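Some notes on the structure that comes next.
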Amino acid sequence: MPDRRFAIYLPSLLGGGAERSMLNLAVGMARQGLLVDLVLAEATGPYLPLVPPEVRLVDLRARRVLQSLPGLVRYLRQEKPLGLVSALDHANVVALWARRLARVPTRVAVCMQNTPSQDARHAPSLRGRLLPLAMRFFYPWADGIVGVSQGVVEDFIRLTGIRQKVQVIHNPVVTPELLQRAEEPLEHPWFQPKEPPVLLGVGRLTRQKNFPNLIRAFAEVRKRRPVRLLILGEGEERASLEDLVRSFGLEGEVGLPGFVQNPYPYMKRAAAFVLSSDWEGLPTVLIEALALGTPVVATDCPSGPREILQGGRWGRLVPVNNPTALAQALEATLAEGRTASPEEAYHPYTQAEVVRRYLELLEGV
């Protein structure tokens, strides 16, 4: 069916959960025999090598998302995809604007990956703080407004008053590649036999992820038992995190190796996966850990962890920014050992299920 072309539009392929999820969506669509274009404002980022040949990469060569508007208009006029999914809020605005200017019948679904009120509140720029205003103006132009969790959707409705065309579609987190890549060898010395258990955090080193909370909790646990902490990711908080580790004298017990292309062997072998965030949309890494059978402890932040863990059924939830509560939950989890989660814990986040939901939306079913 050569006329069934779909597009996914993103600023770039930087190493975040949103980019990873949209790449999984593109691959899942291509596996169903559809023509899929991954349209990037700028083709940059560590996930670029993961784009398979069956997904066509379209580079708009724009340094900023707004500057990609003319290129996206040209793309829509030339290719006229049946549907386009955009993710990340400023890209969503550009996608809707481009469809309006291109005057094509392409159906556009905008996807919100985080709770928008939190994103706006913590935005470093005026443009970010004005995002709710842009949402109220542009988002009604969409054919579908998607939140990756119920919490994201409820926050959006409270913030904007928009209820029409809003629905929850989870991110396509659990893929065959995830399970395969988790089996790759891991040479890290901390995961060798007879070494202390390793707690794992994964994410950008940003304020949102609140890794200081995790480091403080780890320092409490470390007083009572041998254990190590590994945080995979890169970001602007690196220097302050390293200072905090030194202040506890834990340089030999806490590792910050930076961004890792394949975190899944670490995740599969960790004694526990820890999410210490102050806010989220739908934390991809938490779902990945569940699918790999790793025990999880998460802050009960808005939004996603409570939804994913079904109120604590599939892992422990603790208050936000409470190192003592986090430390107690980690100790209890370490004492229990590993117990794999059943498939029902992560089925809503499987690639095939999420592709089905998006195709229904983009084809107007």
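The values are calculated or read from the model by the stated rules, or taken from the named source; none is laboratory data. All values derive from a computational prediction rather than experimental measurement. Heads up, the Cβs are rebuilt from the backbone with ideal geometry, glycines too, and the neighbour counts pull from every protein chain shown.
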Q) Within the range 293-324, how many residues are over 19 Å from the mean Cα position of the chain (by Cα) and of a type in the set (S, T, Y)? A) 1
Q | Residues of the range 317-362 that turn out to be among the hydroxyl-bearing types (S, T, Y), closer than 30 Å to F6 by Cα and in contact with a helix residue (DSSP H, G or I) (Cβ under 7 Å, 6 or more places away or on another chain), as a count | A | 3
Q: Filter the range 341-365 down to residues that are of a type in the set (V, I, T) and surrounded by 14 or more Cβ atoms within 10 Å (Cβ to Cβ) and give me whichever is farthest from V166 (Cα to Cα).
A: T350
Q: Could you tell me whether the range 344-353 includes any residue that is assigned to a loop (DSSP other than H, G, I, E, B) and over 20 Å from the mean Cα position of the chain (by Cα)?
A: no
(Q) Return the pair list, or none, for Cβ contacts closer than 7 Å from residues in the range 140-155 that are farther than 15 Å from P305 by Cα and in a helix (DSSP H, G or I) to residues that are at pLDDT 90 or above and of a type outside the set (A, V, I, L, M), at least 6 apart or on different chains. (A) W141/R100
Q | Positions within the range 276-300 being within 20 Å of N24 (Cα to Cα) and either in contact with a Lys or Arg (Cβ under 8 Å, 6 or more places away or on another chain) or β-branched (V, I, T) (or both), in sequence order | A | T284, V285, I287, L292
Q) In the list G252, G201, which residue meets the criterion of being under 24 Å from the mean Cα position of the chain (by Cα) and either touching a residue at least 60 places away in the same chain (Cβ under 8 Å) or more than 21 Å from N322 (Cβ to Cβ) (or both)? A) G201
Q: Give the range 297-343 a look and list any residue that's part of a strand (DSSP E or B) and more than 12 Å from A272 (Cα to Cα), or say none.
A: T299, L317, V318
(Q) For the range 154-169: of the residues being under 22 Å from the mean Cα position of the chain (by Cα) and among the aliphatic types (A, V, I, L, M), which is surrounded by the fewest Cβ atoms within 10 Å (Cβ to Cβ)? (A) I157
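The rows are residues; the columns are (1) touching a residue at least 60 places away in the same chain (Cβ under 8 Å); (2) of a type in the set (S, T, Y); (3) assigned to a helix (DSSP H, G or I).
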site	(1), (2), (3)
N24	yes, no, yes
G28	yes, no, yes
G71	no, no, yes
A98	no, no, yes
V108	no, no, no
Q: Would you confirm whether any residue within the range 259-275 is surrounded by fewer than 24 Cβ atoms within 10 Å (Cβ to Cβ), without any contact (Cβ under 8 Å) to a residue 60 or more places away in the chain and within 27 Å of D119 (Cα to Cα)?
A: yes
(Q) Criterion first (within 23 Å of H122 (Cα to Cα) and β-branched (V, I, T)) does V297 satisfy it? (A) no
Q. For E253, are the conditions met, namely being touching a strand residue (DSSP E or B) at 6+ places or on another chain (Cβ under 6 Å) and surrounded by 15 or more Cβ atoms within 10 Å (Cβ to Cβ)?
A. yes
Q: Could you list, in sequence order, all residues of the range 81-119 that are among the small types (G, A, S) and surrounded by fewer than 19 Cβ atoms within 10 Å (Cβ to Cβ)?
A: A102, S117
Q) Conditions: (1) of a type outside the set (S, T, Y); (2) crowded, with 17+ Cβ neighbours inside 10 Å; (3) assigned to a helix (DSSP H, G or I). F137 meets all but one. Number of the miss? A) (2)
Q: Among residues belonging to the range 176-219 that are touching a Lys or Arg at 6+ places or on another chain (Cβ under 8 Å), among the aliphatic types (A, V, I, L, M) and surrounded by 21 or more Cβ atoms within 10 Å (Cβ to Cβ), point out the one that is nearest to G233 (Cα to Cα).
A: L205
Q) Just wondering, is there one or more residues in the range 192-206 that are charged (D, E, K, R) and closer than 25 Å to E280 by Cα? A) yes
Q: Could you tell me which residue of the range 84-94 is farthest from S149 (Cα to Cα), considering only residues that are in contact with a helix residue (DSSP H, G or I) (Cβ under 7 Å, 6 or more places away or on another chain) and outside any strand (DSSP E or B)?
A: V94
Q | Residue satisfying all of: in the range 30-69; assigned to a strand (DSSP E or B) and hydrophobic (A, V, I, L, M, F, W, C); farthest from N262 (Cα to Cα) among these | A | L35
